[in-house]
Amino acid sequence: MKFSELEYKRPDIAEISEKLSALTEKMIAAPDAKAQIELILEKEKLMSDFGTNATIASIRHTIDTRDAFYEAENDFFDENGPVLEEKAQEFMNAVLGSKFRKELEEKFGTLLFINMEMEKKTFSPEIIPLLQKENALTSEYQKLYATTTAEIDGKVLPITKLSPYKQNPDRAVRKAAYEAEGKAFEGRSADFDRVYAELVSVRTEIAHKLGYENFVSLAYDRLGRNCYDKNKVAAFRDQIAKDMVPIVAGAKERQRARIGVEKLKFYDDVFMFTDGNPKPHGTSEDILAAGKEMYHALSKETKEFIDFMYDGEFFDVLAKDGKAPGGYCTEISGYKAPFVFSNFNGTSGDVDVLTHEMGHAFAAYRALRQDTLHELKNPTMETCECHSMSMEFLTAPYHELFFKEDTKKYELSHAEDSLIFIPYGCMVDEFQHVMYERPELSPDERHEVWLGLEKKYRPYIDFDNIPFYSRGAGWQRQLHIFMYPFYYIDYCIAQTVSFEFYMLSLKDREQAWAKYLAFVDKAGTATFEDIMKSAGLVLPYEEGAIASIAGELDDYVKNVLAKNFEV
């Protein structure tokens, strides 16, 4: 069945709530563990049906945010999701309080209960109105972003279509693109400031009502971080600032020399070669066909997966008016189907979708076919990002299908981009820690914090008075800050893990793939730290990890990949 053929039906919230209450009563009264196990599975089926419809509605809303029907459905789930959460937690409390808990832990594993205890702390019925407000604000931000347009070259374009201009070999064109983008965001900056201020306020209020000191700790629990805390994250960021920022500065100096400018400006930041950045060859259809060929060649596991995705058309990747920004992978559990969403724009980022987002999709495809509870199919987010970012490198032998004679350019730019990203991601994370530890900050003070972090993590950036960005407002275009608080550091942690897989693949591809497949197939049955240890990988926040991991990649980039482009 194709995605376009999937039936959508608005769930009956009253009926589902009634069924959840009945299941909770039966759970409490159950005579033995066997009966409780059956009730747990019944509850999972009920919530899977609800989640399937919610996901279909969400996908169709992001495909066209102007569609009035699915906008209304999205609002419906924003409003009613927290209501059902209350009923779901009542059932969860019955599970946690079971007199047969020992038998339940033997059946499902102790990690499920550790995660449940953490989840229990993040919800209370009294915060339902606040959760509804939080949902509405994130939806407002998404629509503001999706409908922001920029004027350039006599055209009015959605922001997502500016990327080719921002990578144009003509420096004046690049500068004009960033100025156009800056002016577009500047025109809505007051709205972004208001929405974020309200989000910080409502999230802080939620945290206080739940007994947390601030939203930071609540956010960590919401993300299910069951094996590391903010102190380990801070230690990771410190290593990045100390050991990786100098490596990135070296990469930026090589870039400056390659493109022949006296000093790098902000509008040079993603421009890597004098004759232009590597672009995939052919049409969007050609790129998609090459993606299928790549996964057919990579392994028998990825061949089965990609045929399922393409046959079912479980992706929407072309940029168009009204489409939500960014990219994501989600899952339609009732159909055991991942779904990939993105905005192709004619740049190498289109290939990254087929490696990164399809990496998520591959892991989801495998997990959805495991005989485990849904809660154990999905690991924490840093592990999920290991799946996707590692796939970007493990598919390297097939990138020639997309880039032809420009493959060496792509290999270099992809490796350098991956290094360059991590300090930026740490900046996003530290910014959020400051925002929620100091929720009283004014919009201007928030921009000042961002500018200060730019100097710490990206000292090589010269904004050259580009509107919006030069005054420290650039964080407003990072949708994770608004929609997925504290998620961004997961990318940074995972990127370092992907370097480990990359370096191993250069030495022994078969071993790297076997290790990756075992890593993926752990799904959510183990913590991030336990999955890493079982795979024999170095934890990114261990002392000295960054100097070792990033140093090895930097040596390879300098002595192998960059040698082809020395000036």
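The values are calculated or read from the model by the stated rules, or taken from the named source; none is laboratory data. This one's a predicted model, so the numbers in the text were calculated from it and none came from an experiment. So basically every Cβ, Gly included, is an ideal-geometry build from the backbone, and we count neighbours across all protein chains shown. In case anyone asks, the SASA skips ligands and DNA or RNA and just uses the protein heavy atoms, side chains included. Shrake-Rupley method; radii C 1.70, N 1.55, O 1.52, S 1.80 Å.
At a glance:
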quantity	calculated
Solvent-accessible surface (1.4 angstrom probe) belonging to LEU111, in square angstrom, nearest 10	20 Å²
Förster-model FRET efficiency, 45 Å R0, SER48 and ASN564, C-beta, rounded to 0.05	0.35
Violating pairs (Cα-Cα greater than 24 angstrom) within the set LYS9/LYS336; LYS107/LYS303; LYS252/LYS455	LYS107/LYS303
Label-point separation, SER299 to LEU479 (7 Å along Cα→Cβ), nm	2.9 nm
Cα-projected label distance for ILE114 with HIS208, points at 7 Å along beta-carbon direction, nm	3.3 nm
Per-residue SASA entry for TYR487, accessible area with 1.4 Å probe, Å² rounded to 10	30 Å²
Fully extended contour minus Cα-Cα distance, from ALA514 to VAL261, at 0.36 nm per residue	86.7 nm
Using a Förster distance of 35 Å, the FRET efficiency for LYS230-LYS404 (Cβ separation, nearest 0.05)	0.15
Solvent-accessible area, 1.4 Å probe, carbon plus sulfur percent, for the chain	50 percent
Distance cut-off 27 Å, percentage of C-alpha pairs in the range 129-278 lying past it	51 percent
Segment ASP521-LYS183, extension gain: residue separation times 0.36 nm, minus the distance between their alpha carbons	117.1 nm
Efficiency of FRET between PHE421 and LEU41 - r from beta-carbon atoms, R0 41 angstrom, step 0.05	0.50
Pairwise label distance in nanometres, LYS336 with ASP32, each label 7 Å out on the Cα-Cβ vector	3.0 nm
Theoretical gain in end-to-end length, GLU105 to ASP75 [0.36 nm per residue, Cα-Cα removed]	7.1 nm
Cα extents of the chain along the three principal axes, largest first (Å)	77, 53, 49
Average accessible area per residue (Å²) across the chain - probe 1.4 Å, nucleic acids and ligands excluded	40 Å²
